[in-house]
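Shown next, in structure tokens, is the structure this report addresses.
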């Protein structure tokens, strides 16, 4: 692209959340945190990570939130997957704070969006695959749990 300073090469990026376009000079790519899109082998590794059954989360909110925020800032989809798995696990045990809910939604959006682009599949399809992988970690999905019909009565005979 020609500029007053001469010709420069640009990356054109499409922002999926609002379908806008951004141009970044190639020489600034590292400085703004651009990385290549993950490959098919990385997608398999991420799904294995989501379904491996290992979940580590600090117990106190402050430490957990800081650790998860740091992982999200790395830009690594592996780290985003770790955050998604940990917060999903936590959300099954107790209510998440507003900020953790927002982080969980963002992690899922980022993961699903990039994998959908890599695999050229609809986001809904990828979201189902992510949910199935997470279900493996939490030991659900094989059979739904039976709810008790009601309280048991004992006779007063």
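No lab work stands behind these numbers, since they all come straight from the coordinates. These numbers were taken from a predicted model, which means no experiment stands behind them. With ideal geometry, Cβ positions are generated from the backbone for all residues, glycine too; neighbour counts draw on all protein chains shown.
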### Query
Could you give the angle, 0 to 90 degrees to the nearest 10, between helix 40-50's Cα long axis and the longest principal axis of the Cα atoms of the chain?
30
### Message
Please check: in the Gaussian network model of the chain (C-alpha springs, under 10 Å), which one of 64, 106, 21 has the largest mean-square fluctuation.
### Response
21
### Summary
For the chain, longest principal axis from Cα atoms; helix 123-137 axis from its Cα atoms; angle between them, nearest 10 degrees, is 50
### Task
Would you please give the FRET efficiency between residue 135 and residue 22, computed as 1/(1 + (r/R0)^6) with r the Cβ-Cβ distance and R0 = 30 Å, to the nearest 0.05?
0.25
### Message
Only Cα pairs within less than 10 Å get springs; with that Gaussian network setup on the chain, which residue of 131, 19, 70 has the largest fluctuation?
### Response
19
### Task
Tell me the label-point distance for the pair residue 55, residue 5, using the 7 Å Cα-to-Cβ offset, in nm and rounded to one decimal.
4.9
### Task
Assuming R0 = 35 Å, can you tell me the calculated FRET efficiency for the pair residue 62 and residue 128, based on Cβ-Cβ distance, to the nearest 0.05?
0.55
### Task
Calculate, in nm to one decimal, what residue 70 and residue 32 gain on full extension: separation in residues at 0.36 nm each, minus their alpha carbon distance.
12.0 nm
## Note on the structure
Here D for the chain, in µm²/s, from Stokes-Einstein with a Kirkwood Rh over Cα pairs at 20 °C and 1.002 mPa s, works out to 117
## Note on the structure
The simple spin-label model distance between residue 95 and residue 14, using points 7 Å out along Cα→Cβ, in nm, is 4.0
### Message
With angles folded into 0 to 90 degrees, how steeply does helix 77-93 sit against the dominant principal axis of the chain? Use alpha carbons for both and round to 10.
### Response
20
### Query
Considering the chain as a Gaussian network with a 10 Å cut-off on Cα pairs, which listed residue, 115, 38, 46, attains the greatest mean-square fluctuation?
38
